[in-house]
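Below: the structure, in structure tokens.
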Amino acid sequence: MNLHEYQGKQILNSFGVEIQRGIVAQTADEAVEAAKKLTEDTGTGWHVIKAQVHAGGRGKGGGVKLAKNLDEVKELAGQIIGMNLITPQTSAEGKKVHQVLVAEDVYYPGDSEPEEYYMSVLLNRATGKNMIMYSTEGGMDIETVAEETPHLIFTEEIDPATGLLPFQARRIAFNLGLSGTAFKGMVKFVNALYTAYVKSDSSLFEINPVLKTSDDKVIAVDAKVTLDGNALYRHKDYLAMRDKREENPVEVEAGEVGLNYVDLDGNVGCMVNGAGLAMATMDLIKQAGGEPANFLDVGGTADAERVETAFNLILKDPNVKAILVNIFGGIVRCDRVAQGIVDAYKNMGTINVPIIVRLQGTNADIAKELIDNSGLDVQSAIQFQEAADKVQAVLA
């Protein structure tokens, strides 16, 4: 589950990570009141207005602005709230901005120049260990840094049996070129950041930039946080942070009825039982010259109501030119699935795209007879290659 910047910062701060302070506002007038409150609490004279959407690159799309007085706070917040923000990580339509974070200005003058770093904590699946990735090139796309100056990216792997060891936090601060107060501040920051990552059951913490201020404080200026959805039952307070407005509405609808659905960009809808079979089915579609339009796992129950719901979800995508139903009848009997497909088809009325149904396993022969004798515009198949050929034919 993705979080907004302000929510990620709340979690970080609860574990002792120093953050750029800010207040969320839903309207331009609320933004002005937030700016006044920040000035009282922090003494900041300038304010940063940040669009709160689940996407990176907000500054490139005009979603991060600096306001030097309250009139500019109101003007800029009014411009950003309600806009469709287009960034390198959004679709061409962009994401609508419903709220902004009014944050303190942390780039104030002092004894030294502010410096920006990149830091993230994530799982290295190749080694089975957590990893801190960091760089002196903060504020830039880490992909660009990796491509153009890979020697400026460092990693620190943490053994889950021991956790982050003191020398590792010190090595990170050393590699970032810090000394004195800033060195101590970075060591404290890294320890608190890793603790937050582990105890919040997150799959990603990305801070870009981590800022060393002109007076040698180390703070998180941004926060991209992804929580492990499988662990949310342990964090009911985090679950309440979910913003469904930022998610694909079809995926949200599918989740509410217990279906595993992921929207893709292709032209062949998939309805499958089991994640492994779903991945194989998507490969089958690509080999047949099509592109999968979705990942949809209906699970072990495929009655008429569930099948009808799945069809409706798939058909919400106007790019779907055909639907492939690929069910392996192990626990569930194929004839029951076939009857569910027939009943769902009749309940829905006309479906204007071809449907290919491959049922294999228990009572597959009976299921094929049910489909073939239904009188509906549904093509049946038993073998994988047979289904592929029929997908290829309907797309030709």
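The values are calculated or read from the model by the stated rules, or taken from the named source; none is laboratory data. Because the structure is a prediction, the values reported are computed rather than measured. Virtual Cβ from ideal backbone geometry, glycine too; neighbours counted across all protein chains shown.
Just a few scattered comments:
- Identity of the residue in segment 251-262, touching a residue at least 24 places away in the same chain (Cβ under 8 Å) and in contact with a helix residue (DSSP H, G or I) (Cβ under 6 Å, 6 or more places away or on another chain), that ends up farthest from LYS316 (Cα to Cα): VAL257
- Helices (runs of 4 or more DSSP H) within segment 250-351 that include 2 or more residues under 26 Å from SER91 (Cα atoms): 275-287, 304-315
- Residue identified as among the β-branched types (Val, Ile, Thr) and in a strand (DSSP E or B) among THR90, THR155: THR155
- Within segment 6-14, not a single residue is touching an Asp or Glu at 6+ places or on another chain (Cβ under 8 Å), crowded, with 18+ Cβ neighbours inside 10 Å and not hydrophobic (A, V, I, L, M, F, W, C).
- Segment 89-106, residues that are surrounded by fewer than 16 Cβ atoms within 10 Å (Cβ to Cβ), free of Cβ contacts under 8 Å to residues at least 40 places away in the same chain and not charged (D, E, K, R): GLN89, SER91, ALA92
- Within segment 118-132, residues that are in the same structural domain as ILE172 (by TED's automatic domain parsing) have Cβ atoms under 6 Å from residues that are in a strand (DSSP E or B) and of a type in the set (S, T, N, Q) in these pairs: TYR118/SER135; TYR118/ASN208; LEU123/ASN130; MET131/ASN124; MET131/THR155, counting only partners at least 6 apart in sequence or on another chain.
- GLY138 being small (Gly, Ala, Ser) and surrounded by 15 or more Cβ atoms within 10 Å (Cβ to Cβ): yes
- Of the residues screened, SER112 is not one that is outside the structural domain of GLY45 (by TED's automatic domain parsing) and touching a helix residue (DSSP H, G or I) at 6+ places or on another chain (Cβ under 8 Å).
- Looking across segment 93-104, the residues that are in a loop (DSSP other than H, G, I, E, B) and modelled with pLDDT of 95 or more come down to VAL97, HIS98, GLN99.
- Of the residues making up segment 14-40, those that are part of a helix (DSSP H, G or I) and under 30 Å from LEU204 (Cβ atoms) are SER14, GLU30, ALA31, ALA34, LEU38.
- One residue stands out among those in segment 279-331 that are charged (D, E, K, R) and without any contact (Cβ under 8 Å) to a residue 40 or more places away in the chain: the one that is nearest to PRO354 (Cα to Cα), which is GLU291.
The rows are residues; the columns are (1) assigned by TED's automatic domain parsing to the domain that holds GLY59; (2) more than 14 Å from ILE19 (Cα to Cα); (3) surrounded by fewer than 14 Cβ atoms within 10 Å (Cβ to Cβ).
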position: ASP159; (1), (2), (3): no, yes, yes
position: LEU164; (1), (2), (3): no, yes, no
position: MET186; (1), (2), (3): no, no, no
position: SER200; (1), (2), (3): no, yes, no
position: LEU204; (1), (2), (3): no, yes, no
position: ASN208; (1), (2), (3): no, no, no
position: LEU211; (1), (2), (3): no, no, no
position: VAL218; (1), (2), (3): no, no, no
position: LEU232; (1), (2), (3): no, yes, no
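- Count - residues of segment 191-208 that are assigned to a helix (DSSP H, G or I) and either of a type outside the set (Val, Ile, Thr) or touching a helix residue (DSSP H, G or I) at 6+ places or on another chain (Cβ under 7 Å) (or both): 7
- Within the set ALA77, ALA92, ALA67, the sole residue that is of a type in the set (Gly, Ala, Ser), touching a Phe, Trp or Tyr at 6+ places or on another chain (Cβ under 8 Å) and not assigned by TED's automatic domain parsing to the domain that holds LYS217 turns out to be ALA67.
- Single match in ASP222, ASP215 (criterion: charged (D, E, K, R), within 21 Å of TYR134 (Cβ to Cβ) and part of a loop (DSSP other than H, G, I, E, B)): ASP222
- Residue list for segment 355-368, restricted to those being of a type outside the set (Val, Ile, Thr) and either farther than 14 Å from ARG333 by Cα or part of a strand (DSSP E or B) (or both): ARG358, LEU359, GLN360, GLY361
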